[in-house]
Amino acid sequence: LTCIEVVEAYVERIKEVNPLINAVVKDRFEEALQEARQVDKLLSEGPDDDCLEEKFPLLGVPLTVKEAFSLYGMPNTSGLVNRRNVIATSDATVVSRLKQAGAIPLGVTNCSELCMWYESSNRVYGRTNNPYDLQRIVGGSSGGEGSVLAAACSVIGVGSDIGGSIRMPAFFNGVFGHKPTTGVVPNDGQFPNAVGVRSSFLCTGPMCRYAEDLEPVLRVMAGPGVSKLKLNEKVSLEKIKFHCMDHDGGSIFVSPVDKEILQAQKKVVEHLESDLGVQVQRVAIHKMKYSFQIWSAMMSSKDSEGQEAQRFTDLLGDHGKPVWPLWELMKWFVGMSSHTLPAIALGLTEKVVNLNLSGKAKLVSMGKSLQEEMEALLGPDGVLLYPSHPTIAPKHHSPICMPFNFAYTAIFNVLGLPVTQCPLGLGSEGLPLGIQLVAAAYNDHLTLAVARYLEKAFGGWVLPGKV
């Protein structure tokens, strides 16, 4: 195949399904086709293949990028109405690295308003739909990316994750997503970027249809920092110490885990034990019950230099007039607000969280102690199996009734651990199932190896509409 044929095929696929899923919010098809022709010209000139592979490991591979990241010439609104005219004049660091490695961006994909909600819908681009069922959500905030990959409109994607924004969309859309160990892949060039304490929780990472693509994309994204992730170490699956936890212990804020998700996790445990001859250790980590409270407290805490966390209401204003959540709520009821209801609700809850300072300090301390407990449990060779979310992809708007279900992914952001979301086929309603694979810091190579293994055992990504 020539590169132009590959890119043309993906362009046609996007044109075919995007009217249904609304995942690509702005395309750059003409530029992508031009770049594909340049790749074919480069190949026809016949340079040494080995040299090319080393210099351009992703040569000619179609790429999509979450709209929150700067991609030259593309909008960079993060779903905020007062940024609707913002056009990127440069590339985010990871986007630049992927382009330099030869990848060809096809366009940018939808996200939630200001990337802080798990339904990708906003007042700039509207709502993105799940390719397995258009009445279901795609997750957030990298929801457009999850949807576009699942619908076979792209090969690799760029996502970011501060509370599960890579892993929830990957789970709901049945693809692979990896949240790397904190502080390895640069976050520069996205809006909003994390400041203060949140800069150690936000992670940029790869989203892919195939498990084997996670590692090469992660290598490019990490650049010189990649050596910290031990990706060159050979992994012997039989020597991994597997741990399994079925649920968070019963938080009052979070839905119980669906039976089908528990059943899928049980099948993984049985397969690991029968095929690899390992013993999967069941664990009950008591503090996980407080995942949402810990995440929330740590997200709003001061950093080591005493700098306050950036207020969400300030971000909503984006250097303009301050946003008053209560006033916005009244405007929303009469259809006059330019913000989404989840964004307004987050602005209101932010004020409440900061009222109980002594309770917040206790939760931050509990988070630090949970981090030590997790690192001790996992050690240099441990992997934890944990649900990606308590439910399969919910219907549109229903997350507002259970707003804290993202705690299943969010807790690992504040713990700084690497996590791979791995699809496990489709459930009885034809919607994706999946599991999170968690390791100790800098042991990304373990979760990526287990994801490749489970893809072979459980089939990985399933084309929507195939069943």
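Summary table below
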| quantity | calculated |
| --- | --- |
| Test for residue 366: is it over 30 Å from residue 129 (Cβ atoms) and either under 18 Å from the mean Cα position of the chain (by Cα) or open to solvent by 10 Å² or more (accessible area, probe 1.4 Å) (or both) | yes |
| Residues within the range 10-37 that are surrounded by fewer than 17 Cβ atoms within 10 Å (Cβ to Cβ) and of a type in the set (Asp, Glu), tallied | 4 |
| Evaluation of residue 429 against (1) surrounded by 20 or more Cβ atoms within 10 Å (Cβ to Cβ); (2) at negative phi; (3) at pLDDT 95 or above; (4) not in a helix (DSSP H, G or I) (one fails), failing number | (1) |
| Which numbered condition residue 392 misses (of (1) outside any helix (DSSP H, G or I); (2) within 20 Å of residue 264 (Cβ to Cβ); (3) open to solvent by less than 10 Å² (accessible area, probe 1.4 Å)) | (3) |
| Enumeration of residues in the range 1-43 that are among the basic types (Lys, Arg), part of a helix (DSSP H, G or I) and under 27 Å from residue 113 (Cβ atoms) | 15 |
| Tabulated pairs, the range 278-290, first part of a loop (DSSP other than H, G, I, E, B), second open to solvent by 20 Å² or more (accessible area, probe 1.4 Å) and among the hydrophobic types (A, V, I, L, M, F, W, C), C-beta under 7 angstrom, 6+ apart or interchain | 283/377 |
| Which numbered condition residue 87 misses (of (1) surrounded by fewer than 24 Cβ atoms within 10 Å (Cβ to Cβ); (2) of a type outside the set (D, E, K, R); (3) in contact with a helix residue (DSSP H, G or I) (Cβ under 6 Å, 6 or more places away or on another chain)) | (3) |
| Qualifying residue in the range 52-63 (condition: open to solvent by 10 Å² or more (accessible area, probe 1.4 Å) and among the aromatic types (Phe, Trp, Tyr)) | yes |
| Members of the range 432-451 that are buried (at least 21 other Cβ atoms within 10 Å of the Cβ) and either more than 22 Å from residue 163 (Cβ to Cβ) or modelled with pLDDT under 95 (or both) | 446, 449, 450 |
| Of all residues making up the range 111-143, the number that are of a type in the set (Gly, Ala, Ser), over 21 Å from residue 430 (Cβ atoms) and surrounded by 24 or more Cβ atoms within 10 Å (Cβ to Cβ) | 5 |
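The values are calculated or read from the model by the stated rules, or taken from the named source; none is laboratory data. If you're wondering where the values come from, they're calculated on a predicted model, not measured in any experiment. Positions of Cβ are generated from backbone atoms using ideal geometry, with glycine treated the same way; all protein chains shown enter the neighbour counts. For accessibility, only protein heavy atoms count, side chains too; no ligands or nucleic acids. Shrake-Rupley method; radii C 1.70, N 1.55, O 1.52, S 1.80 Å.
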